[in-house]
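Visitor: Structure provided below as structure tokens; questions to follow.
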Amino acid sequence: MTAVTHRTAPIAGQKPGTSGLRKKTPVFMGPHYLENFVQAILDTVGAAGRTFVLGGDGRYFNDRAAQVILRMAAANGVARMIVGQGAILSTPAASHLIRLNRTDGGIILSASHNPGGPTEDFGVKFNMPNGGPAPESVTEAMFARSQVLTEYRIWEGQDIDLSGPGTARLGPMTVEIVDPVADYARLMEGLFDFDAIRAMFAGGFRMRMDSMCAVTGPYAKAILEGALGAPAGTVVNATPLPDFGGMHPDPNPVWAKALMDEMFGPDAPDFGAASDGDGDRNMVVGRGIYVSPSDSLAVLAANAHLAPGYRGGLKGVARSMPTSAAVDRVAAALGLPHYETPTGWKFFGNLLDAGKATLCGEESFGTGSDHVREKDGLWAILLWLNILAVRRQPVAGIMAEHWARFGRNYYSRHDYEALPAEGAAAMMAALRGRLADLPGRTFEGMTVSAADDFAYTDPVDGSVSKGQGVRVIFAGGSRIVLRLSGTGTEGATLRLYLERYVPGPDGLHEEVQAALGPVIRAAESIAAIRASTGRAGPDVVT
Ligand code: G16
């Protein structure tokens, strides 16, 4: 067994997007592709003497990629790797292990909610010592390195047996194989009132958790059915599979349709939830009522003090720019600072580290807090359960009271997927060129009060991120946002975010797409999406 150096050449396009480098699996499995990117990571963050966490969501190629990364780490002088058993770690559990063990960061293998399999998606991302995704300055440096490197180092040798907890050696490097669930479960137990939730389940409360054949299965089984005593069978699709059982592990009403059907059916349980490929996203549904991620963030912010971990109140809240302003209204009522960041969890890291925000959330089914530096699907579900256990009301009752108090931000996202990349970029460029003409003009009876391309100055380190999405804001709080997704692997995905504020007391219980009708029509007048894409309508409406 020895470290060898292989000659290689830069591979174009190894540029991390919204959350790491995501490509089709065959691309990642191509000659030197994974190796080049991992070498670029190690060269950028430094390897000698370091300790890193390694794990992934179990998708196809996860196991092979983990073995390659371990051998590369050993050859590059890494001292210790903490690896989830079977190379499995949910993204929030990885974030926790990075922090708990005071490591130098971690490598997470996941393409999140994108489907997995030999012809589907794979991804690699690096998280910093604070447990959060690498910021743009670091991912840019990785990309730059990938474009000039000429060799990579790898240990020649056998695979490490990752099938059970324990310690192994790979040349000079120690490999510590850990239970993926245990430390994470302990963290949750410290944040939430497990006794109250246990009593609620014991009293007959019924829940359905859809793990979508992805990584949260073992976590949800251990915590919900194990520690909290929910009946066996509460968690469905609980075995992680390399192809997610053919499911698209994206917890939204479209892809988690079976759960939606059950929650709107005659024998609906009290509470429904789903999580995604790597366990950082969540969807929550009550009996007969869907809770949008933006509303969920607002409800969690308004009620977090009911959970022991947040009893002292929140330091502040943050949301991504396209996320609805529902949480801003809670923050204003509670006198909390609130922040608006670009899309991408990495932008919350500084706010959390600096103690400026406790809760963060995004419209893209992500919610989290300062307990880790990633969004956390099961955490959000457990916080909901804690709130339900204390308030003893159905989800619909909680939502009705919330809207009555704060008003309602009707909200929807329309996605146009797999568009030709150049055409989509040209459409956005044309729109950006028209923004200056919009203020003062009226569409569907709504007057534009501001229109811009969102730029963010990080309040902690002063870094500036420009071109983060077009905003058209109307007097009265309605809003249209357009941006191109940074997580797709095929062509371009255009995201159109639509929001309309209704202060109440009237009009708080309308059908969402109907309530948004004027905003949808205004968006078409302003951006001419259908005309420029040739599409009759969006592919996915959430
Ligand atoms: C990632 C990011 C999120 C972002 C989402 C959608 O989530 O971490 O911050 O909101 O992608 O991004 P986009 O609109 O650019 O596709 P995940 O769950 O995919 O890691």
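The values are calculated or read from the model by the stated rules, or taken from the named source; none is laboratory data. This is a predicted model, so every value here is computed, not measured. Here the Cβ is made from the backbone with ideal geometry for all residues, glycine too, and neighbour counts use every protein chain on show. Calculation scope for accessible area: heavy atoms of the full protein, side chains included, ligands and nucleic acids excluded. Shrake-Rupley method; radii C 1.70, N 1.55, O 1.52, S 1.80 Å.
Visitor: Counting just the residues of region 127-153 that are closer than 13 Å to S95 by Cα and open to solvent by less than 10 Å² (accessible area, probe 1.4 Å), which one comes out farthest from the ligand (Cβ to nearest atom)?
Guide: We begin by selecting, within region 127-153, every residue closer than 13 Å to S95 by Cα; these are 127-134.
Subsequent filtering for residues that are open to solvent by less than 10 Å² (accessible area, probe 1.4 Å) retains 127, 131-132, 134.
Working: N127: 11, G131: 14, G132: 10, A134: 12 Å.
The residue in question is G131.
Visitor: Quick check on region 395-434: of everything there that is charged (D, E, K, R) and more than 30 Å from G491 (Cβ to Cβ), which residue is surrounded by the fewest Cβ atoms within 10 Å (Cβ to Cβ)?
Guide: Checking each candidate, the answer is R405.
Visitor: Are there any pairs, at least 6 apart or on different chains, whose C-beta atoms fall under 7 Å, with the first in region 319-341 and more than 18 Å from R471 (Cα to Cα) and the second buried (at least 21 other Cβ atoms within 10 Å of the Cβ) and of a type in the set (F, W, Y), and if so, which?
Guide: Once the first residue is more than 18 Å from R471 (Cα to Cα) and sits in region 319-341, its partners that are buried (at least 21 other Cβ atoms within 10 Å of the Cβ) and of a type in the set (F, W, Y) give R329/F406; V330/F406; A333/F406.
Visitor: Please specify each residue of region 16-37 satisfying the condition of being away from the ligand (no atom under 11 Å from the Cβ) and on the phi > 0 side of the Ramachandran plot.
Guide: Passing the criteria: only H32.
Visitor: Something else about it: Going through region 208-234 one residue at a time, which ones are of a type outside the set (D, E) and open to solvent by 10 Å² or more (accessible area, probe 1.4 Å)? Show your work before the answer.
Guide: Kept after step one, since they are of a type outside the set (D, E), are these residues of region 208-234: 208-209, 211-224, 226-234.
Correct list: R208, C213, P218, K221, A222, G226, A227, G229, P231, A232, G233.
Visitor: Taking interchain pairs and intrachain pairs at least six residues apart, which have beta carbon atoms under 6 angstrom, with the first residue in region 465-489 and closer than 17 Å to L516 by Cβ and the second among the basic types (K, R) and open to solvent by less than 30 Å² (accessible area, probe 1.4 Å)?
Guide: I473/R479
Visitor: L435 passes all but one of (1) closer than 30 Å to K15 by Cα; (2) part of a loop (DSSP other than H, G, I, E, B); which number fails?
Guide: (2)
Visitor: Just wondering, is there one or more residues in region 56-67 that are more than 19 Å from P115 (Cα to Cα), assigned by TED's automatic domain parsing to the domain that holds A144, within 16 Å of the ligand (Cβ to nearest atom) and not β-branched (V, I, T)?
Guide: no
Visitor: Which of (1) within 28 Å of D63 (Cβ to Cβ); (2) open to solvent by 40 Å² or more (accessible area, probe 1.4 Å) is the odd one out, the single condition E189 does not satisfy?
Guide: Exception for E189: condition (1).
Visitor: Can you tell me which residues in region 76-104 are more than 18 Å from D276 (Cα to Cα) and either in a loop (DSSP other than H, G, I, E, B) or modelled with pLDDT under 95 (or both)?
Guide: N76, G77, V78, A79, N101, R102, T103, D104
Visitor: Continuing with the same structure: Would you list the strands (runs of 3 or more DSSP E) that sit entirely within region 142-234 and hold 1 or more residues that are in the same structural domain as D63 (by TED's automatic domain parsing)?
Guide: On the way: elements: 151-156, 166-170, 173-178, 207-210.
Per the criteria, 151-156, 166-170, 173-178.
Visitor: So, in region 98-113, of the ones that are surrounded by fewer than 24 Cβ atoms within 10 Å (Cβ to Cβ) and of a type outside the set (K, R), which residue ends up nearest to the ligand (Cβ to nearest atom)?
Guide: First, pick out the residues of region 98-113 that are surrounded by fewer than 24 Cβ atoms within 10 Å (Cβ to Cβ): 99-105.
Applying the additional criterion that residues be of a type outside the set (K, R) yields 100-101, 103-105.
Details: L100: 21, N101: 22, T103: 20, D104: 21, G105: 17 Å.
Across region 98-113, the extreme among qualifying residues is G105.
Visitor: Have a look at A94, A87 and point out the one that is outside the structural domain of K375 (by TED's automatic domain parsing), on the phi > 0 side of the Ramachandran plot, open to solvent by less than 10 Å² (accessible area, probe 1.4 Å) and out of contact with any Phe, Trp or Tyr (no Cβ under 8 Å at 6 or more places or on another chain). Break it down stepwise before answering.
Guide: Working: A94 fails: on the phi > 0 side of the Ramachandran plot.
The unique qualifying residue is A87.
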